[in-house]
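Report on the following structure.
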Amino acid sequence: MPGVETRVVVIGAGQAGLSAGYGLRRAGLAPGPGFVVLDGEDGPGGAWRHRWRTLRVDRAHRIASLPGLPFEPADTTRPAAEIVPAYFDAYERVFDLQVRRPVRVTTVRSDGPDLLVDTDAGTWRARALINATGTWTHPFRPRYPGAASFRGRQLHTADYTGPEEFAGKRVVVVGGGTSAVQLLMEIAPSAAGTTWVTRRPPEFHEEPFDDEWGRAVVARVEERVRAGLPPQSVVSATGLALTPEVRAAQAAGVLDRRPMFARITPDGVEWADGSSTPADVILWATGWRPALGHLTPLRLRGPGGGVALEGTRVRSDPRIHLVGYGPSASTIGANRAGRAAAREVLALLREPAAA
């Protein structure tokens, strides 16, 4: 079958994809015949392009420098949605990664020893694939009884633009992660009232989120991925940071958590004991799932529901590497995974293709 010939296709130009491209470029592969980075966004920045405008750099999760170019913003009080994309743009130019965008990948298929990557801009044929599609395009919205009857507004964190639209509203925030906590603290001052609902009691930690802590978290997530289980949410492994701002929100009652409701009613939410809370808005801060739908034809998922990995390599198909997945779903982890995947792919390229 025809297709634009290259040796490696990288899907996604976020932290993991750019790190992988850097590794391939440093090894001597040239953009075009050696590798191509395909990105579905209209410009640089990956998921950071879509972060809410009130999320400043100094309030975002730790943003790691990409390999070879330090992230040193002059003003950390500016929106991360501006600063990080500008940094990614500079990175692509400095290392001449020649990202192709917007190119949206539809399917990845096997054709003998090669892979065919179908997109809305044509098909690429490659020996190996580094998938760095992350999760941002696949928000998770749980289904609850009565959701269709709700007369208010329902939205996901992915739809959040700022606290102004919640002024004077009664808001139920669902989710136990950092985003839920951040949004509650932003929304509460102008909302008519907020209610925080989580499936599990939140765990706040005072200890620093340092490298030793990070390695322990990665080890726990990696164990699940190696076993072929779906990755856990980050907060289930990390807990929540007990910052001064969080302490103040706890003291003000903003972070008084309630267990999950049993159903949604036309005017709010209701618990199993019959108690209810009126709401104008339900904000689902329920996270994301890995965006892997385009890999379905390769049948990579195992009986456990996840994709079993050895490092970044898919155990059932050594041509495929997943970065920004499971243990590498963080800026630091994505850096390491991108470079590790590049090294393994280069080793694969040195082997004779299987018939």
TODO: Examine segment 57-71 for a residue that is farther than 16 Å from S19 by Cβ and in contact (Cβ under 8 Å) with a residue 40 or more places away in the chain, and state whether such a residue exists.
DONE: yes
Task: Exclusive hit being in the same structural domain as V108 (by TED's automatic domain parsing) and either hydroxyl-bearing (S, T, Y) or free of Cβ contacts under 8 Å to residues at least 12 places away in the same chain (or both), set T277, T296 - done: T296
Open item on the list: Tell me the residue from W271, W284 that is out of contact with any strand residue (DSSP E or B) (no Cβ under 7 Å at 6 or more places or on another chain), at pLDDT 90 or above and surrounded by 15 or more Cβ atoms within 10 Å (Cβ to Cβ), please.
Closed with: W271
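Quick grid of which residues meet (1) more than 16 Å from the chain's Cα centre (by Cα); (2) hydrophobic (A, V, I, L, M, F, W, C):
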| site | (1), (2) |
| --- | --- |
| P31 | yes, no |
| E41 | no, no |
| P44 | no, no |
| H50 | no, no |
| A64 | no, yes |
| P67 | yes, no |
- [ ] Return the only residue of T135, T119 being crowded, with 18+ Cβ neighbours inside 10 Å, polar (S, T, N, Q) and modelled with pLDDT under 95.
- [x] T135
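Table: residues versus (1) within 24 Å of W288 (Cβ to Cβ); (2) surrounded by fewer than 16 Cβ atoms within 10 Å (Cβ to Cβ); (3) modelled with pLDDT of 95 or more.
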site: I320; (1), (2), (3): yes, no, yes
site: A334; (1), (2), (3): yes, no, no
site: A347; (1), (2), (3): no, yes, no
site: A353; (1), (2), (3): no, yes, no
Open item on the list: If D114 satisfies all but one of (1) buried (at least 16 other Cβ atoms within 10 Å of the Cβ); (2) within 19 Å of the chain's Cα centre (by Cα), what's the number of the condition it fails?
Closed with: (2)
Task: Test for R151: is it more than 17 Å from the chain's Cα centre (by Cα), closer than 24 Å to W288 by Cβ and part of a loop (DSSP other than H, G, I, E, B) - done: no
- [ ] Output the number of the condition that P142 fails; it satisfies all remaining conditions of (1) in a helix (DSSP H, G or I); (2) within 30 Å of W284 (Cβ to Cβ).
- [x] (1)
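Just checking, does segment 94-115 include any residue being in a helix (DSSP H, G or I), under 30 Å from G23 (Cβ atoms), of a type in the set (A, V, I, L, M, F, W, C) and without any contact (Cβ under 8 Å) to a residue 60 or more places away in the chain?
yes
The values are calculated or read from the model by the stated rules, or taken from the named source; none is laboratory data. Bear in mind that the values here come from a model prediction, so they are computed numbers and not experimental data. Cβ sites come from the backbone with ideal geometry, for glycine too, and all protein chains shown count toward neighbours.
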